[in-house]
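Enquirer: Dropping a structure here in structure tokens format, bear with me for questions.
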Amino acid sequence: DVCSSDLALEIARRLIVSEQDTLRAAVIPLLASNDPEGSEKLGIFKAVSADTSPVVRKAILDAIKDSDLSLEAYEMLLHHSLADHDDLIKVKAANILATRERCPQIYEDKLIQLMNEESREVQLAALRALATIETKTPSSAEKLATKLSSSEKEIIIQALKALGEFQKIASEEYSVVSPFLQNASPDIRSAAMTCISKIAPDTETAIDSLLPLLRDQDWTVRKATAIQLGTFGSRARKAVSDLFLMLQSDEDEDAARSALKAIDDAGPDSLEVLLKGLDSDDRGIRLYAMFLIGKIGSEASAALPKLRAMLEDSDSSRFRETIQQAINRIDK
């Protein structure tokens with residue numbers, strides 16, 4: 001109520017000038033919970049933003065993180081925090097910017113500076129914030145790409161994630177990113193794959209770049225790639241052959257099935273693999289082969305003798321229906 005709020009603010013006014021930094025820091029959450037309009041809270045925050053104690057400065061940033069006020073209200077304070085001599089405070093300030101839907105442009109130059117600081121944690125926080133920068137430019141993308149020369153795995157992954165958020169604006173960095181598709185680390189290969197899918201100059205280039213990763217030695221990379229290719233829909237139909245073969249693997253089956261469903265198409269280049277699938281001992285694989293052969297249409301005429309023979313031999317109504325649908329699509 002009003003009385004308790006007024007009392008809390010009065011306590012805060014007294015404690016904020018205490019010589020004990022722990023008491024000054026204790027004021028911050030008190031203000032955050034008892035000054036919903038933010039006017040007095042903001043005034044006190046600004047007054048102590050240059051407090052000699054990092055404990056107090058950190059407490060302010062923790063309160064801002066959960067605040068409903070817009071970042072504009074904290075502009076001066078955040079600028080001070082990004083330039084703080086304490087690395088943890090810089091990390092906290094950058095993370096506040098990273099968690100907002102859009103990071104205001106006024107922080108871009110400072111974040112690019114922080115991206116190149118010695119502290120690994122500061123670099124990561126700056127990269128996370130740059131991923132959400134309000135207006136993305138090719139110049140910023142080029143600067144981000146320089147972090148790919150880092151020897152730190154996490155830095156490379158975070159730089160790839162940030163570049164991916166630049167979408168086609170970062171297309172000039174495609175040639176810098178593509179070698180990471182062959183990196184020794186599966187985590188980096190996956191991050192590069194996701195980045196390439198977003199920044200490649202065109203969809204065909206993106207798909208062609210991703211296809212080899214469907215045969216990656218690491219199942220997590222194959223899974224991530226299959227899922228990503230599925231987002232391209234029918235444009236990724238050249239991936240059908242590899243995805244169909246992945247159905248035979250327990251590790252890959254779910255991702256491959258999901259991708260094939262999303263692509264929902266097949267081209268003549270996949271016919272040879274699909275014809276072999278008709279002879280599979282796995283009922284589900286045979287059904288998928290029938291369905292996808294039908295998607296090829298008239299260019300799958302070589303499959304008609306096999307399909308007609310299967311139609312005659314099958315006792316399953318579901319099989320017969322799927323086979324007949326495929327025949328109808330091919331022989332129309």
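Enquirer: Can you find a residue in segment 40-56 that is modelled with pLDDT of 80 or more and either open to solvent by 60 Å² or more (accessible area, probe 1.4 Å) or among the basic types (Lys, Arg) (or both)?
Expert: Yes: segment 40-56 contains one or more residues that are modelled with pLDDT of 80 or more and either open to solvent by 60 Å² or more (accessible area, probe 1.4 Å) or among the basic types (Lys, Arg) (or both).
Enquirer: How many of the residues making up segment 119-135 are within 10 Å of Ala162 (Cβ to Cβ) and outside any helix (DSSP H, G or I)?
Expert: Residues meeting the conditions: 3.
Enquirer: Right, next: State whether one or more residues within segment 111-131 are closer than 18 Å to Asn183 by Cβ, modelled with pLDDT of 95 or more, under 20 Å from the mean Cα position of the chain (by Cα) and open to solvent by less than 10 Å² (accessible area, probe 1.4 Å). So that I can check it myself, show each step before the final result.
Expert: In the first step, residues of segment 111-131 are kept if they are closer than 18 Å to Asn183 by Cβ; the result is 127.
Still in the running and modelled with pLDDT of 95 or more: 127.
Of the ones still in play, those that are also under 20 Å from the mean Cα position of the chain (by Cα) are 127.
With the extra rule that they be open to solvent by less than 10 Å² (accessible area, probe 1.4 Å), the set shrinks to 127.
Yes, segment 111-131 contains a residue that is closer than 18 Å to Asn183 by Cβ, modelled with pLDDT of 95 or more, under 20 Å from the mean Cα position of the chain (by Cα) and open to solvent by less than 10 Å² (accessible area, probe 1.4 Å).
Enquirer: Does any residue in segment 103-129 that is of a type in the set (S, T, N, Q) come within less than 7 Å, Cβ to Cβ, of a residue that is open to solvent by 10 Å² or more (accessible area, probe 1.4 Å) six or more places away or on a different chain, and which pairs are these?
Expert: Cβ pairs passing all conditions: Gln105/Glu134; Gln105/Thr135; Ser119/Asp87; Gln123/Glu117.
Enquirer: Moving on. Looking for something within 16 Å of the chain's Cα centre (by Cα), closer than 30 Å to Gly294 by Cβ, of a type in the set (Val, Ile, Thr) and open to solvent by 20 Å² or more (accessible area, probe 1.4 Å) - is there at least one such residue anywhere in segment 226-242?
Expert: yes
Enquirer: Sticking with this one: Out of Glu134, Glu101, I need the residue that is under 24 Å from Leu77 (Cβ atoms), open to solvent by 80 Å² or more (accessible area, probe 1.4 Å) and touching a Pro at 6+ places or on another chain (Cβ under 9 Å). Which one? Steps first, answer last, please.
Expert: Working: Glu101 fails: touching a Pro at 6+ places or on another chain (Cβ under 9 Å).
The unique qualifying residue is Glu134.
Enquirer: Here's a follow-up. Just to be sure I understand the filter: pairs with C-beta atoms under 7 Å, separated by 6 or more residues or on different chains, first member in segment 271-289 and farther than 17 Å from Ile327 by Cα and open to solvent by 20 Å² or more (accessible area, probe 1.4 Å), second member modelled with pLDDT of 95 or more and among the hydroxyl-bearing types (Ser, Thr, Tyr). Which pairs pass?
Expert: From segment 271-289, the pairs are Val273/Ser241.
Enquirer: Output the residues belonging to segment 290-315 that are part of a helix (DSSP H, G or I) and either without any contact (Cβ under 8 Å) to a residue 12 or more places away in the chain or of a type in the set (D, E, K, R) (or both). Step through it out loud before you land on a result.
Expert: First pass over segment 290-315, keeping only residues part of a helix (DSSP H, G or I): 290-313.
Passing the criteria: Lys295, Glu299, Pro305, Lys306, Arg308, Ala309, Glu312, Asp313.
Enquirer: Here are some conditions: (1) hydrophobic (A, V, I, L, M, F, W, C); (2) surrounded by fewer than 17 Cβ atoms within 10 Å (Cβ to Cβ); (3) modelled with pLDDT of 95 or more. Ala259 meets all but one. Which one does it not meet?
Expert: (2)
Enquirer: Looking at segment 290-318 only, could you name the residues that are open to solvent by less than 60 Å² (accessible area, probe 1.4 Å) and more than 29 Å from Phe232 (Cα to Cα)?
Expert: Hits for segment 290-318 are Leu304, Leu307, Ala309, Met310, Leu311, Ser314, Ser316.
The values are calculated or read from the model by the stated rules, or taken from the named source; none is laboratory data. These numbers come from a predicted model, not from an experiment. No Cβ is skipped: glycine too gets one built from the backbone with ideal geometry, and neighbour counts run over all protein chains shown. Protein only, heavy atoms only, side chains kept; ligands, DNA and RNA dropped before computing areas. Shrake-Rupley method; radii C 1.70, N 1.55, O 1.52, S 1.80 Å.
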